[in-house]
Amino acid sequence: MGCWEAQKGFCPRKGKGKGCKWCEGAPDSAGKGKGGGVWKPQFEKSWGSSWGGSSWGGKGKGKGKGKGKTPAKKTENALKVWVGGLPQKFSFKALQAHFDQAGKSTWAEGGKGGNGSVCYTTEAEVYNAMTLLNGSVFEGSILQVDQWVKKPTKADS
């Protein structure tokens, strides 16, 4: 069965009655080519199994866009306070409610080692939080509240 144009008696790629390199892999092309299976045009062939399962290669999902930034990372450093001495387990809503005493907080989060941050909309609220809530008791723990300072990187030292 070879090239469909060769069946008509002429293949424009090779000449009259001859097959071409594109149809040599066809199952009935007089034993030429790779053979085996149903012949597919080049644009329908897969990229190969070494790239993965899909026809365009790859593993399918890609790397993604990451977890995204929390509001604390998007907030300016001047509008955040550092909180130390947090208990092991606590509710972030309770922490935010505690810091709402100094002004309306926009975000509160805790991290490793009993540290966390609280974000505000104005610098006056940040100042109020540092003066009013430093040394306050939150769920049995005495809190340290200070101005947010960006963690120094290796390049800075």
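The values are calculated or read from the model by the stated rules, or taken from the named source; none is laboratory data. Predicted, not measured: the structure shown is a model, and the values here were computed from it. As a convention, Cβ positions derive from the backbone with ideal geometry for all residues, glycine included, and neighbour counts pool all protein chains shown. These area figures cover heavy atoms from the full protein model, side chains too; ligands, DNA and RNA do not enter into them. Shrake-Rupley method; radii C 1.70, N 1.55, O 1.52, S 1.80 Å.
Under the definition of Cα pairs under 8 Å and six or more residues apart, what whole-number percent is the relative contact order of the range 71-147? Display every interim value, and only then the final one.
Numbers: 147 pairs, mean separation 30.6, N = 77.
Relative contact order, the range 71-147: 40 percent.
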Please give the solvent-accessible surface of T153 in Å², to the nearest 10, using a probe radius of 1.4 Å with every protein chain present.
70 Å²
Can you find, among Y127, G110, N77, the residue sitting farthest towards the positive end of the charge dipole of the range 71-147, where Lys and Arg contribute +1 and Asp and Glu -1 at Cβ?
G110
Need one number: nm distance between label points at N115 and Y127, each 7 Å from Cα along Cα→Cβ, rounded to one decimal.
2.6 nm
Can you pick out the pairs among K67/K104; K104/K151; K74/K104; K104/K150 whose Cα atoms lie more than 21 Å from each other?
K67/K104; K104/K151; K104/K150
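How much accessible area per residue does the range 71-147 have, in Å², with a 1.4 Å probe? Please report the intermediate quantities before stating the final value.
Working: 4400 Å² over 77 residues.
On a per-residue basis, the range 71-147 sits at 57 Å².
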Over the heavy atoms of E139, what accessible area does a 1.4 Å probe trace out, to the nearest 10 Å²?
100 Å²
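If you take the C-alpha gyration tensor of the range 71-147, multiply each eigenvalue by 5 and take the square root, what semi-axes do you get, largest first, in whole Å? Please report the intermediate quantities before stating the final value.
Values: eigenvalues 60, 35, 23 Å².
Equivalent-ellipsoid dimensions as semi-axes: 17, 13, 11 Å.
Using a 1.4 Å probe on the protein heavy atoms, what percent of the accessible area of the range 113-157 belongs to carbon and sulfur?
Working: 1600 of 3040 Å².
Solvent-exposed carbon and sulfur of the range 113-157 make up 53 percent of the total.
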Run the quick spin-label model on E139 and T106: label points 7 Å from Cα toward the beta carbon, then report their separation in nm to one decimal.
2.5 nm
